[in-house]
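These notes concern the structure reproduced below.
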Amino acid sequence: MAVESNGKSDSLQSICYERGSLRLLDQRRLPIETVYLDVRDATDGWNAVRDMVVRGAPAIAIAAALSLAVEVFNLDFTGTSGDAASFLVKKLEYLVSSRPTAVNLSDASTKLQNIVLKTAKTATEAKTVFQSYIDAAETMLTDDVADNKAIGFHGASFLPCQLKDSGKLSVLTHCNTGSLATAGYGTALGVIRALHAGGSLEAAFCTETRPFNQGSRLTAFELVHDKIPATLITDSAAAALMKAGRVNAVIVGADRIAANGDTANKIGTYSLAVSASYHGIPFYVAAPITSIDLSLSSGRQIVIEERSPKELLCSDGGLGKQVAASGIAVWNPAFDVTPANLITAIITEKGAITKATADAFDIKGFIQKAQGNGIE
Ligand code: MRU
């Protein structure tokens, strides 16, 4: 299978961008087919996010931002610089409405809105405002890969020393947090990549991640692609795997982390954390700072997306034939919230955050300290 990689042989790419053109790898068709879809404007970007052509918190944010960059690059616009800023703000608000739980997209939207509004204050032409937007969206693409590599580095240093084990680690992960969920390399899967590269990984285990199967279709695909020793399990086999002593650590990504460390991530994450706690296995979250929402004091305030019943009623995450009895009611939350007390540490691009008390992290304090140390 040919996989495009933006010239990088070491990492799969879901986002193929050149100024004025964006193509997204259709993740619904992996691993059977490798098909890229053209994204010409914010409407295409909104649809691609909503329909899960592209998914994963960091990838959603970057793909949406770039869809608008492509639109304005190719736009024949006759308004003022103020009109250009209003145009961009409106489109960004529209893009944020595509999926509610991951904070990365609204965080990106706020940052981009601030940039264009600031530029519009002094710019005399609309094209200057559009250019500032395009430059900032492109920077998000490049920054994400660097952040993920830093997460991988910190995770690969932190996990082995936390575990006080000189041997290799077997690590269980959930959903897809790899190159496909980000601009490249990945968050939790980035840590697994870094452990493997450093010779510290015995094996990876990935869950199927029902109902959309991001684990069996995407994580398994990435692990096989990178020749990392790995085994696929059903979501419901995780506790038995832990009981059998086959896992030293669990590491997952995040879609939104509240100020106290409560973490929203793919449905099933909470069950893994409960099982890990029961079996005395450390449970790590790996995510960029852009996944942290300091405006929320706890996970109770996180809005959880509920998706179509079709994803459960039909095979293949809703894309195939009906398999469930007609007439059955369905509850299909896409995410759950793992309380901070079940999380051992949060690995970010600025380092590992450990708990301030038994039940909570002081994430704001960690970020302020990192900024004070010039780690920005
Ligand atoms: O619904 P998805 O596939 O967009 O889910 C988001 C995720 O990919 C996961 O929850 C992931 O662990 C966080 S994003 C790196």
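The values are calculated or read from the model by the stated rules, or taken from the named source; none is laboratory data. Note that the structure is predicted; figures quoted are calculated from it, not measured. Every residue, glycine among them, receives a Cβ derived from its backbone with ideal geometry; neighbour counts consider all protein chains shown. With ligands, DNA and RNA removed, areas are computed over all heavy atoms of the protein, side chains included. Shrake-Rupley method; radii C 1.70, N 1.55, O 1.52, S 1.80 Å.
Does segment 277-285 include one or more residues that are in a loop (DSSP other than H, G, I, E, B) and surrounded by 24 or more Cβ atoms within 10 Å (Cβ to Cβ)?
Among the residues of segment 277-285, not one is in a loop (DSSP other than H, G, I, E, B) and surrounded by 24 or more Cβ atoms within 10 Å (Cβ to Cβ), which makes the answer no.
So which residues in segment 177-208 are away from the ligand (no atom under 16 Å from the Cβ) and within 25 Å of CYS16 (Cβ to Cβ)?
First pass over segment 177-208, keeping only residues away from the ligand (no atom under 16 Å from the Cβ): 195-203.
Selection gives ALA197 alone.
Return the total of residues in segment 308-335 being charged (D, E, K, R) and free of Cβ contacts under 8 Å to residues at least 40 places away in the same chain. Steps first, answer last, please.
In the first step, residues of segment 308-335 are kept if they are charged (D, E, K, R); the result is 310-311, 316, 321.
In the following step, the residues that additionally are free of Cβ contacts under 8 Å to residues at least 40 places away in the same chain were identified as 310, 321.
Of the residues in segment 308-335, 2 are charged (D, E, K, R) and free of Cβ contacts under 8 Å to residues at least 40 places away in the same chain.
Tally time: how many residues in segment 151-175 are in contact with a helix residue (DSSP H, G or I) (Cβ under 9 Å, 6 or more places away or on another chain), among the aliphatic types (A, V, I, L, M) and open to solvent by 10 Å² or more (accessible area, probe 1.4 Å)?
Summing the residues that are in contact with a helix residue (DSSP H, G or I) (Cβ under 9 Å, 6 or more places away or on another chain), among the aliphatic types (A, V, I, L, M) and open to solvent by 10 Å² or more (accessible area, probe 1.4 Å) in segment 151-175 gives 1.
Mind checking which residues of segment 302-351 are more than 12 Å from the ligand (Cβ to nearest atom), assigned to a strand (DSSP E or B) and open to solvent by less than 30 Å² (accessible area, probe 1.4 Å)?
CYS314, ALA345, ILE346, ILE347, THR348, GLY351
Being within 23 Å of the chain's Cα centre (by Cα), modelled with pLDDT under 95 and either open to solvent by 20 Å² or more (accessible area, probe 1.4 Å) or not basic (Lys, Arg) (or both) narrows it down to one residue among THR269, THR290, THR263, THR234; which is it?
THR290
Among the residues of segment 78-92, are any surrounded by fewer than 16 Cβ atoms within 10 Å (Cβ to Cβ) and charged (D, E, K, R)?
Within segment 78-92, one or more residues are surrounded by fewer than 16 Cβ atoms within 10 Å (Cβ to Cβ) and charged (D, E, K, R).
Of the residues that make up segment 210-217, is at least one open to solvent by 10 Å² or more (accessible area, probe 1.4 Å), among the hydroxyl-bearing types (Ser, Thr, Tyr) and within 15 Å of the ligand (Cβ to nearest atom)?
Of segment 210-217, the ones open to solvent by 10 Å² or more (accessible area, probe 1.4 Å) are 210-213, 216-217.
Then keep just the ones that are among the hydroxyl-bearing types (Ser, Thr, Tyr); that gives 216.
Then keep just the ones that are within 15 Å of the ligand (Cβ to nearest atom); that gives 216.
Yes - at least one qualifying residue is present in segment 210-217.
Out of (1) assigned to a helix (DSSP H, G or I); (2) among the aromatic types (Phe, Trp, Tyr); (3) under 19 Å from ASN213 (Cα atoms), what's the single condition that is false for PHE366?
(3)
Can you pull out every residue in segment 93-116 that is open to solvent by less than 10 Å² (accessible area, probe 1.4 Å), more than 16 Å from the ligand (Cβ to nearest atom) and hydrophobic (A, V, I, L, M, F, W, C)?
LEU112, VAL116
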